[in-house]
Amino acid sequence: MFKATIKSLLSRKLRLVLSALAVVLGVMFVSGSFVLTDTLQRSFTDLFSSAYANVDVSVSPHHEKGKEPKPLTPQAIADVKSVPGVASAVGDVQGSARPIGKNGKVMTTSGAPRLGFNWTGTGQEKIRDGKAPQSDSEVAVGAYLASTGQFKVGDEISLLTLEPKKTFKITGIYEYAGGRDSLGGELSVAFTEPVAQQLLLGAKDTFSGVTVTAAQGTSDDALRDAVAARMGSGYDVKTGATLAKEQADQINEGLKFFNYVLLGFAGIALFVGIFIILNTFSIIVAQRTRELALLRSMGASRGQVIGSVVLEALVIGLIASIVGLGAGIGVGALLATIFSTIGGGNLHLAGIGVPLSAIISSFAVGMIVTVIAAVMPALRASRIAPVAAMREAATPDRPLTKITIIGAAVVALGGTSLVFGFKQQSLPLIFGGILVAFVGVALLTPLLSKPMVSLIGRLLSWSMPGLLGRRNSARNPRRTAITAAALMVGISLITGVSVVLTSATKSIEKLASGQLQTDLIISGEGQMEGMPATFKPDVLAEVEQTDGVKSVVGWSQDGVLQGENQMFAVAVNDMPAMATMFALKPKSGDIAPLKADQIALPEDMAAEKGWSIGSKVTLQLAKSAEPTTFTVGFIWAKSQVLQGALVLPESAGRNFRSDGIGQAFVQVKPGTNATDVQKRIEPLFADNPEITVQDRSAFVKQTTSQFDTVLLMIQILLALAILIAVLGVINTLALSVIERTRELGLLRAIGMRRSQVMRMITVESVVISVFGAVLGLAVGVALGLATVQALKDQGISEIGFPWMTMVQYLVVAAFVGVIAAILPAIRAARLNVLDAIAYE
């Protein structure tokens, strides 16, 4: 039996390749994810080890949760120098410095920081061209900043720091150890020490930390302990090795999440692959009915027949796992190389590694998926009676009652899991519910196949080849259903996400036109160490005095601590004006200007916290030495704006990490053109290129543009699942052509031309693809609507459908059908008529 199985396998090499291809792609994604993250983790570990190579011990202010750490003083540096075993102690100054390019716009990075520091001459930085800054009007810039912004020695560069735009002369360009332009794509600038202190920390004679060098014969650990004992609990004292490990661990934690995302999409790809393998083995068993029945008649037991099919699956799974692992290593290496080029190619790869997890997962996933997909066809094969060898028909039609009932039950189970998942905000229940729902829909698909395929096929059956193609796609509902279900998964996920994002966009637009009664919005585009770009509160007064302005509301924002709970807070300059602009209605108390010790909040937050008018609330602000107690002044009725926000008086903003205004809202006087007022306000921000003045529609467009990026990323990642689904269509058609060899020969014998055969196969392919797309759109819309309903309390109050996108998916599905039909159609057209008639 073993020999017969191997001979059968080797005699059908095309079938072997087509069966393995879907699993290869899924395994490739899994192993590639592990290879990519392993390579990047080791690369970042090496990067931070290099970055802290010159640091024996570092001293920095202790950072308490919810408080802004106090800068170090010159006395602290003197205390460090007095510790036995210290060879040198140099004060470091570091903070945010955003360079402005020659186009007048703030230069951005791909996530790397934009920072400034004091030039000490003792770090890793070495002057490549020019000289170090010596006067207050001079700076040196990193080689990566110089190349990206096309700056050279002698040029002027403008920078945004804690203060508005200032211009400096570039006296030097520096590099890092090993001739690197940067350590990781950061944009960095070096000032003289007094200027760095003023612009980056806000005060002279202050430091961010101290870099300590150990005297000869003193170990880093011993020096750390000695310095820590001298400085006390108000400081964090760590070795350079510890700092490097902490930084690498933070990056690696982010890479883990990235890996989970990739593995999630790999799981989707493999899930789609199961449909294809299941379909492939179903067709294979159907084609081998006579062969398996003859084996049964010769004495083979049911167990041997099952073993024969499972053995074939194991061989295919093994081959697919080996090839998929190899392809995954190549893809992981390619993605790591691409990743290293982001930010100027300054991440030196540590060498492509193949972790044990990639090898184990490749073989476990590849072989398990293939065997699981082959089990049902194997059980079916074992039930073939020996008398079936005498029949011409390989697979008689079977009733769909049982599979339909099971499908309905599975869909109900998946729907229940989704409902509970959304209510409890449990990702495992949500993802599990989606997976189970997909299986249930796939089981129901054969019931829908005949009527829907017949309806879709009518659009293409204006000729005899088209009519035959339509009937071919409808003649085996189970096979058509499984093939279409593979395409359905990818399209339904993309459609579901599109529905959610379109609904979110529509909700924001309605919110802006309904509750946001403002004409102009002033806000920052960039981010500064987790904080939005801001402008000085003094400018707000100038905006208010601008001709045509009726009222202005501005706020600074930060996180505050209430006990151990982090809360989002805004400090507002004019509470009654804000209530008017945001259409806020009082729930308890009257909306009035907040006193210095009062706060306001929405009713849902008040209900959650159990607060009412007069309640005492103790908050820890970033720059306050001690917690501050406020009294609840009033509560406003539930609103879609300022959800989850605690409103503090304007004076409290001075104790935020940044007291700058993050957002401002302008109402113009009746009868005044908002565009004219916008043009009068914009010059007030000439020194702050990060701040934009927009009308309401432009602000909404900017806010929702991020949804397009999210959708594009998901489409790219799900492209693999759709590619596998396309392979499934090709696979089904190719095996179907082999199965119908005699039938095709007879059609050719009675006069069907080759072009007509190709058209027939193409129509069959297009019908299956469009059926899968229609099914995917329907399931995707249902998933999207369920998600929108679950997120209703999160601000998504409107339902929107991406009609144009959905039409595009249908068009793409038809195009996919045409592409998928090319190879099977050519093979069918090239069949030798006499050989085909004599087949079997």
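Restricting attention to region 203-216, the residues being in a strand (DSSP E or B), farther than 10 Å from Val59 by Cα and aliphatic (A, V, I, L, M) number 1. With the structure loaded, tell me whether Leu712 is under 26 Å from Leu831 (Cα atoms) and not charged (D, E, K, R) or whether it fails that test. Judged against the criteria, Leu712 is not a match. Taking region 417-525 as the region of interest, the helices (runs of 4 or more DSSP H) fully inside it that hold 2 or more residues being under 34 Å from the mean Cα position of the chain (by Cα) are 427-458, 477-514. Note on region 214-229: residues that are within 18 Å of Gln75 (Cα to Cα) and buried (at least 16 other Cβ atoms within 10 Å of the Cβ) amount to 3.
Being among the β-branched types (Val, Ile, Thr) and surrounded by fewer than 19 Cβ atoms within 10 Å (Cβ to Cβ) is the filter here, so list the residues in region 788-799 that pass it.
If the condition is that a residue be among the β-branched types (Val, Ile, Thr) and surrounded by fewer than 19 Cβ atoms within 10 Å (Cβ to Cβ), then Ile799 is the only one that fits.
What are the residues in region 153-202 that are under 37 Å from the mean Cα position of the chain (by Cα) and part of a loop (DSSP other than H, G, I, E, B), if any? If the condition is that a residue be under 37 Å from the mean Cα position of the chain (by Cα) and part of a loop (DSSP other than H, G, I, E, B), then Thr161, Leu162, Glu163, Pro164, Lys165, Asp181, Ser182, Leu183, Gly184, Gly185, Glu186, Gly202 are the ones that fit. Here Glu840 fulfils each of the conditions (1) more than 30 Å from the chain's Cα centre (by Cα); (2) at pLDDT 75 or above; (3) among the acidic types (Asp, Glu) apart from (2). Candidates Ser82, Ser110, Ser137: the one that is closer than 13 Å to Leu187 by Cβ and touching a residue at least 24 places away in the same chain (Cβ under 8 Å) is Ser110.
The rows are residues; the columns are (1) of a type in the set (Lys, Arg); (2) over 30 Å from Ser233 (Cβ atoms); (3) buried (at least 21 other Cβ atoms within 10 Å of the Cβ).
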| position | (1), (2), (3) |
| --- | --- |
| Ala20 | no, yes, yes |
| Ser33 | no, yes, yes |
| Asp38 | no, yes, yes |
| Val55 | no, no, yes |
| Pro61 | no, no, no |
| Glu68 | no, no, no |
| Ala78 | no, no, no |
| Ala89 | no, no, no |
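Screening the candidates Lys638, Lys679 for the property of being surrounded by fewer than 17 Cβ atoms within 10 Å (Cβ to Cβ), among the charged types (D, E, K, R) and not in a helix (DSSP H, G or I) yields one hit, Lys638.
Remark: pairs (first residue in region 27-40, farther than 12 Å from Phe265 by Cα and touching a residue at least 24 places away in the same chain (Cβ under 8 Å); second residue part of a helix (DSSP H, G or I) and of a type in the set (S, T, N, Q); Cβ separation under 6 Å; 6+ apart in sequence or on different chains) = Ser31/Ser362; Phe34/Ser357; Thr37/Asn259.
Residue count for region 25-78 satisfying the condition of being under 22 Å from Ser624 (Cα atoms) and assigned to a loop (DSSP other than H, G, I, E, B): 11.
Within region 752-769, being surrounded by fewer than 20 Cβ atoms within 10 Å (Cβ to Cβ) and of a type in the set (Lys, Arg) holds for Arg753, Arg754. From the list Ile352, Ile384, the one residue that fits, being at pLDDT below 70 and surrounded by 16 or more Cβ atoms within 10 Å (Cβ to Cβ), is Ile384. The set of residues in region 104-123 being modelled with pLDDT of 85 or more and of a type in the set (A, V, I, L, M, F, W, C) consists of Val106, Met107, Leu115, Phe117, Trp119. All of (1) assigned by TED's automatic domain parsing to the domain that holds Asp574; (2) in contact with a strand residue (DSSP E or B) (Cβ under 7 Å, 6 or more places away or on another chain) hold for Pro670 with one exception: (2). Going by the structure shown, is Lys169 modelled with pLDDT of 95 or more and surrounded by fewer than 21 Cβ atoms within 10 Å (Cβ to Cβ)? It is true that Lys169 is modelled with pLDDT of 95 or more and surrounded by fewer than 21 Cβ atoms within 10 Å (Cβ to Cβ). From the list Leu413, Leu443, Leu429, Leu418, exactly one residue is aliphatic (A, V, I, L, M) and free of Cβ contacts under 8 Å to residues at least 24 places away in the same chain. Which is it? The unique qualifying residue is Leu429. Meeting the requirement of 3 or more residues that are touching a residue at least 40 places away in the same chain (Cβ under 8 Å) and in contact with a helix residue (DSSP H, G or I) (Cβ under 8 Å, 6 or more places away or on another chain), the helices (runs of 4 or more DSSP H) wholly within region 529-634 are 537-544.
The values are calculated or read from the model by the stated rules, or taken from the named source; none is laboratory data. Values in this document were obtained by computation on a predicted structure and should not be read as measured data. Cβ coordinates were reconstructed from backbone atoms using ideal geometry, including for glycine residues, and neighbour counts include every protein chain displayed.
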